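Only one structure is covered here, and it is reproduced in the block below.
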Amino acid sequence: MKTVNFVRMTLPAKSVNEAYARVAAAALASQVDPTIEQMADIKTAVSEAVTNAIVHAYRGQEGGLVYITMRLMEDGSFIVSVRDRGCGIGDVRQAREPCFTTAPSEERSGMGFSIMEAFMDKLQVRSAPGRGTTVTMTKRLGR
Amino acid sequence: MNLKLLEEENVLHAVITGEIDHHNAVVLREKVDRQIAAMRPAGLVIDLSGVTFMDSSGLGFVMGRYRSMAGIGGQVTVKGATGRVETILQMSGAYRYVKLLDE
Ligand SMILES: Nc1ncnc2c1ncn2[C@@H]1O[C@H](COP(=O)(O)OP(=O)(O)OP(=O)(O)O)[C@@H](O)[C@H]1O
Ligand SMILES: [Mg+2]
């Protein structure tokens, strides 16, 4: 499928960039006239993926980077991938279970992946321990 | 994100406006917990009617305050959540722990 438009960005893994990432995603998606609900879904899902990279992937490490690629496709779908070179996830299936979290003391509830799955049409998680994680999500836009 | 803390009788009201994410949930948590510790209210009402965006960090904030209040024998009530904010609270099962105020 043809890519109509795309954005690639690299951000330091700092919490102040969570808002930047989701606003950028909404700005690209807005080019194909999504509904208000679809915009909210994309902002929320991108915020979850980027927050995970910041709070889990680079735990205790300085200088981590988050790599984001977003595409608008010919058929009106929006594809976003959020990649980190952090600690990785040993058991992705377990991590995707609702309420599974490795950081309960930091007020995490283990709902991030469930929210991404519920708010987007497709969620793919690839990860290798010690090497990093890539989360790719697709949302069909339009009315 | 903006937070207003109001005391009414023995109830603390936390009125939040704007966006709640991981970056500012940290600030919210600290301010609300400090007031809970000082005031020891019987109830905490979290007003989300002015919240335009919230992700799982906001859910963590609500559940964390449930724990803070449970620690002093108090209850948490959430009001005003709409749209995706409400969806997140519903799907997480948060309403098994905190009360929902219908107006
Ligand atoms: N990018 C990542 N790198 C390393 N581990 C991750 C990453 N993303 C998620 N995880 C792991 O998967 C678990 C589940 O993630 P999920 O987003 O569902 O919940 P959470 O972040 O723990 O809590 P919440 O999102 O509700 O605040 C995390 O606790 C963490 O162990
Ligand atoms: Mg998460």
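Below, the figures for the structure above:
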{"item": "Considering residues of the range B:47-103 that are more than 22 Å from A:Ala103 (Cα to Cα) and among the hydroxyl-bearing types (Ser, Thr, Tyr) only, the residue least open to solvent (accessible area, probe 1.4 Å)", "result": "B:Thr77"}
{"item": "Residue under evaluation A:Arg131, criteria (1) away from chain B (no Cβ under 13 Å); (2) among the basic types (Lys, Arg); (3) within 22 Å of B:Val26 (Cβ to Cβ), criterion not met", "result": "(3)"}
{"item": "Subset of the range A:83-135 that is part of a helix (DSSP H, G or I) and within 11 Å of ligand 2 (Cβ to nearest atom) - its residue that is most open to solvent (accessible area, probe 1.4 Å)", "result": "A:Glu106"}
{"item": "Hits in the range B:2-27 (condition: buried (at least 16 other Cβ atoms within 10 Å of the Cβ), within 14 Å of chain A (Cβ to nearest Cβ) and outside any helix (DSSP H, G or I))", "result": "B:Glu19, B:Ile20, B:Asp21"}
{"item": "Filtered residue count, the range A:25-34, keeping only those that are within 14 Å of chain B (Cβ to nearest Cβ) and within 16 Å of B:Phe53 (Cα to Cα)", "result": "2"}
{"item": "Matching residues in the range B:21-40 - criterion: being small (Gly, Ala, Ser) and closer than 17 Å to B:Glu8 by Cα", "result": "B:Ala37, B:Ala38"}
{"item": "One residue from A:Ala40, A:Ala21, A:Ala27, A:Ala45 being hydrophobic (A, V, I, L, M, F, W, C), surrounded by fewer than 19 Cβ atoms within 10 Å (Cβ to Cβ) and part of a helix (DSSP H, G or I)", "result": "A:Ala27"}
{"item": "Residue list for the range B:54-100, restricted to those being part of a strand (DSSP E or B) and within 11 Å of another protein chain (Cβ to nearest Cβ)", "result": "B:Met54"}
{"item": "Residues satisfying the stated conditions in the range A:107-122, i.e. in contact (Cβ under 8 Å) with a residue 24 or more places away in the chain and within 13 Å of ligand 1 (Cβ to nearest atom)", "result": "A:Arg108, A:Gly112, A:Phe113, A:Ile115, A:Met116, A:Phe119"}
{"item": "Hey, A:Thr69 surrounded by fewer than 17 Cβ atoms within 10 Å (Cβ to Cβ), in contact (Cβ under 8 Å) with a residue 60 or more places away in the chain, within 17 Å of A:Arg8 (Cα to Cα) and hydroxyl-bearing (Ser, Thr, Tyr) or not", "result": "yes"}
{"item": "Residue count, the range B:33-53 (criterion: away from chain A (no Cβ under 14 Å), polar (S, T, N, Q) and part of a strand (DSSP E or B))", "result": "1"}
{"item": "Among the residues listed as A:Glu62, A:Glu37, A:Glu48, the single one being within 14 Å of another protein chain (Cβ to nearest Cβ) and free of Cβ contacts under 8 Å to residues at least 24 places away in the same chain", "result": "A:Glu37"}
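The values are calculated or read from the model by the stated rules, or taken from the named source; none is laboratory data. These numbers come from a predicted model, not from an experiment. All Cβ positions, even for glycine, are placed from backbone atoms using ideal geometry, and neighbour counts span all protein chains on display. Heavy atoms of the whole protein, side chains included, go into the accessibility calculation; ligands, DNA and RNA do not. Shrake-Rupley method; radii C 1.70, N 1.55, O 1.52, S 1.80 Å.
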